[in-house]
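Data first, discussion second: the structure below is written as structure tokens.
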Amino acid sequence: MTTEQTPKIALGTWAWGDAGGDDYFGGNVKTEVNLRPVVDAAMRSGLTFWDTAYAYGTGASEKILGNLLQSYKRQEYVLSTKFTPGMTADSETAMSDMLAAVSNGCIRITWICTGSITQPTLKNGHRS
């Protein structure tokens, strides 16, 4: 996929699968059954770029979205997720864990999210 082929709008799934109450977007409709019409309507409308993360519901968002996208061909959508160091039990298996969570092994974009920006260490004017 080239940059020109990447959709310009991503649909975020930050509250999907979250156990939170009705005090923010989605209320108590964040189940696969209730979200199926959302995914189907978006796909029919050409909104095919989906964004999720392990941090969204401790992996629940990835699992729900992965299950809902199984009825579509991999070529019909773009899936983006995020890796946040320290959020998974074993960072050595984090990518394979994310692939398993989305049920289809078709993550096209992976972001690395951290809570801080680390500056490179310079020694004698060179990065170490």
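Key figures for this structure:
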read-out: ³J(HN,Hα), Karplus 6.51/-1.76/1.60, whole Hz, each residue of region 67-84, x for Gly, Pro; value: 5, 5, 7, 4, 7, 10, 6, 4, 6, 8, 8, 10, 10, 10, 9, 10, 10, 10
read-out: Radius 12 Å from Cβ of SER71, net charge of other residues (Lys, Arg +1; Asp, Glu -1); value: 0
read-out: With eigenvalues of the C-alpha gyration tensor scaled by 5 and rooted, region 36-76, Å; value: 19, 10, 9
read-out: Area accessible to solvent at LYS30, 1.4 Å probe radius, in Å²; value: 20
read-out: For THR52, distant residues with modelled amide H under 5 Å away; value: SER80, THR81, LYS82
read-out: LEU69, LEU47, reordered so the largest accessible area comes first (probe 1.4 Å); value: LEU47, LEU69
read-out: Gained length - LEU47 relative to ILE9, 0.36 nm times residue gap less alpha-carbon distance; value: 13.0 nm
read-out: Relative packing of 74-81, 34-41, which averages over residues the other C-beta atoms within 10 Å, highest first; value: 74-81, 34-41
read-out: Using θ = phi - 60° and Karplus 6.51 cos²θ - 1.76 cosθ + 1.60, couplings along region 36-47 (whole Hz; Gly, Pro as x); value: 3, x, 5, 5, 4, 5, 4, 4, 4, 8, x, 8
read-out: Protein-only accessible surface order, largest first, of CYS106, CYS113 at 1.4 Å; value: CYS113, CYS106
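The values are calculated or read from the model by the stated rules, or taken from the named source; none is laboratory data. As the structure is a prediction and not an experimental result, all values here were calculated from the model. Here the Cβ is made from the backbone with ideal geometry for all residues, glycine too, and neighbour counts use every protein chain on show. Side chains are part of the model used for accessible areas, which takes the heavy atoms of the whole protein and leaves out ligands, DNA and RNA. Shrake-Rupley method; radii C 1.70, N 1.55, O 1.52, S 1.80 Å.
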